[in-house]
1. Kindly list the number of the only condition in (1) free of Cβ contacts under 8 Å to residues at least 24 places away in the same chain; (2) among the basic types (Lys, Arg); (3) assigned to a loop (DSSP other than H, G, I, E, B) that fails for Lys56.
2. As an exercise: evaluate Asn121 against (1) buried (at least 18 other Cβ atoms within 10 Å of the Cβ); (2) more than 27 Å from Gly193 (Cα to Cα) and give the number of the one condition it does not meet.
3. Starting from segment 176-189, take each residue that is closer than 14 Å to Gly219 by Cβ and list its partners that are small (Gly, Ala, Ser) and crowded, with 20+ Cβ neighbours inside 10 Å, counting only C-beta distances under 9 angstrom and pairs at least six apart or across chains.
4. If I go through segment 12-26 residue by residue, how many of them are over 16 Å from Ser50 (Cα atoms) and either buried (at least 17 other Cβ atoms within 10 Å of the Cβ) or not hydrophobic (A, V, I, L, M, F, W, C) (or both)?
5. Look through segment 9-53, keep the residues that are under 25 Å from Met129 (Cα atoms), outside any loop (DSSP other than H, G, I, E, B) and of a type in the set (Gly, Ala, Ser), and return whichever of them is modelled with the highest pLDDT.
Amino acid sequence: MHIHPSILSADFVNLESELESILHADAFHVDVMDNHFVPNLTFGPQMVESLQRVTKRDLDVHLMISDVDRHGPGYAELGVASVTFHLEASSNPVELAKRIKLVGAKAAVAIKPNTPVSEINEIVSAVDMVLIMTVEPGFGGQKLIESTVAKVTQARSLSWSLGLDIAIQVDGGVTEENIQTLAKAGADTFVAGSSVFKAVDRNRQIDLLRTLAEQAVRG
C-alpha cells in the first residue's frame, strides 16, 4: 500500500519545508494543470524539474493538460518516476504510454469520474498504473464521489482478467474514514492531499493511512 501526498495542498511559499514534513510518503504526487483541460493552473515543467532536482522521494506526476501527446514525454525526460496522462486528453494513448516508458518513467492512464472503465480496455496492458479519479479533477479538498468506488473494483478486475500486475491508484477525497473501503475495492496507491496536510503530524497521518489500507486487505 502506497501513500502519495498531493503537494497541491501544500503551502507553496514554504514548499521545501512542506516536503520535509511528509518524508514518510512513498512518493510525492505532483498535479500539473493547464487551466484548459481542467479549470485550474498549477505547475509546469520548470517547477517539476526543480522539484526533481531537490526531492528526496519519487515524483508521481499527474498531467491534467490538453495536448498531452505532445508534452507528456517531456515530463518523463525530467527524470520523474512516473507520468500519468488522462485518457480523455490523448488521441493515441498506447503510443503515448510507450514513449513515456521508452524514456525511463512508468506510464499511467487516468480517467475522470464519468469515463467508464471499459474505455481503458485497449490500453491497460500498455501501462504500469491506472488512476481512477474519485473527484472531478481540478481542485483539492473535494469529497470523494461514492459511485467511483465501483470503478476501482472494475479496474482491478480488468487487470486480473488480463493477467496484469499493475497499480490501481485513487485520487480525490481520500481520508482515514474511506481508505479501507478503497483498499478493499482494489486500490493499492492512494493520493491524499488535504487529509495529510491538515494533520498536525503529517508523517504520522501518512503512516496511519497506510496501516489502515493494509489492515483492510489483510481482513
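1. Evaluating Lys56 over (1) free of Cβ contacts under 8 Å to residues at least 24 places away in the same chain; (2) among the basic types (Lys, Arg); (3) assigned to a loop (DSSP other than H, G, I, E, B) leaves (1) as the failure.
2. Asn121 satisfies every listed condition except (1).
3. Correct list of pairs: Gln180/Ala213; Ala183/Ala213.
4. The total comes to 5.
5. So, considering only residues that are under 25 Å from Met129 (Cα atoms), outside any loop (DSSP other than H, G, I, E, B) and of a type in the set (Gly, Ala, Ser), the one modelled with the highest pLDDT is Ala27.
Residue-wise test of (1) at positive phi; (2) in contact with a Lys or Arg (Cβ under 9 Å, 6 or more places away or on another chain).
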position: Leu23; (1), (2): no, yes
position: Ala27; (1), (2): no, yes
position: Val30; (1), (2): no, no
position: Asn35; (1), (2): yes, no
position: Gln52; (1), (2): no, no
position: Arg57; (1), (2): no, no
position: Gly74; (1), (2): no, no
position: Ala89; (1), (2): no, no
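The values are calculated or read from the model by the stated rules, or taken from the named source; none is laboratory data. For clarity, every value in this text was computed on a predicted model and none was experimentally measured. Every residue, glycine among them, receives a Cβ derived from its backbone with ideal geometry; neighbour counts consider all protein chains shown.
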